[in-house]
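This report refers to the structure that appears directly beneath it.
What follows is calculated from the coordinates using simple rules that are stated; it is not laboratory data. Only a predicted model underlies this, so the values are computations on that prediction, with no experimental measurement involved. Cβ atoms come from the backbone with ideal geometry, glycine included; neighbour counts cover every protein chain shown.
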Amino acid sequence: MDETKDPKRYQLDTQNTRGSSASLSLLIAVRKCYKHRPEGNEHSAIAVSPEKHIREIQRCCAKADDYLLPDTPIKEAVFRVMVAGGNKPVTAEAVSADLSARWEVSTYPRDLSTRVVERVLANGQNYFIHELPEPEPESQLVRRAPAEAKADDEA
Ligand SMILES: [Zn+2]
């Protein structure tokens, strides 16, 4: 058995590559604080990209006291943690640690173990949560040096 296997990483599919008929923009927008919550009809929220909604939540709404209350259902909480983190790829372990730290002093006893969070992540398609393909260690390190493009001008 290979015990050194990397943990699975998950991310919100902001490009909607699975062709869901739901709108991730709307899903995120309605979780904003009262100041940023979209007014009027939902079309204005859908017209804004998920990334833009995520940035706004990161800057403001995620810092509100009621963004992640201790009685938030686990699936909802995992989604909110991912949005608050700017939709960087997450592991079940990281999300579990985040929630455990947030709710350390909570009076609600919850099972926030990695195993529970992993199950939520693996079944989070209706929240646009999808597993990322295994990273290729080599290709991640390759970065084009900005100076390279200029070399031609020097002749
Ligand atoms: Zn806000």
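Key figures
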{"read-out": "Loop-located GluC sites (Glu not before Pro) in segment 1-65, at most 13 other Cβ atoms within 10 Å (DSSP)", "value": "Glu3, Glu39, Glu42"}
{"read-out": "Loop sites in segment 1-77: chymotrypsin sites (Phe, Trp or Tyr not before Pro), DSSP, at most 10 other Cβ within 10 Å", "value": "Tyr34"}
{"read-out": "Separation of the Cys60 and Val105 label points, Cα + 7 Å toward Cβ, nm", "value": "2.7"}
{"read-out": "Residues in segment 62-105 reached by a label modelled at Cys33 [backbone nitrogen below 13 Å; 7 Å Cα→Cβ]", "value": "62-68"}
{"read-out": "Gain upon complete extension [His130, Leu69; 0.36 nm per residue less C-alpha separation]", "value": "19.5 nm"}
{"read-out": "Ser49 paired with Asp6, simple spin-label distance in nm, labels 7 Å along Cα-to-beta-carbon", "value": "2.5"}
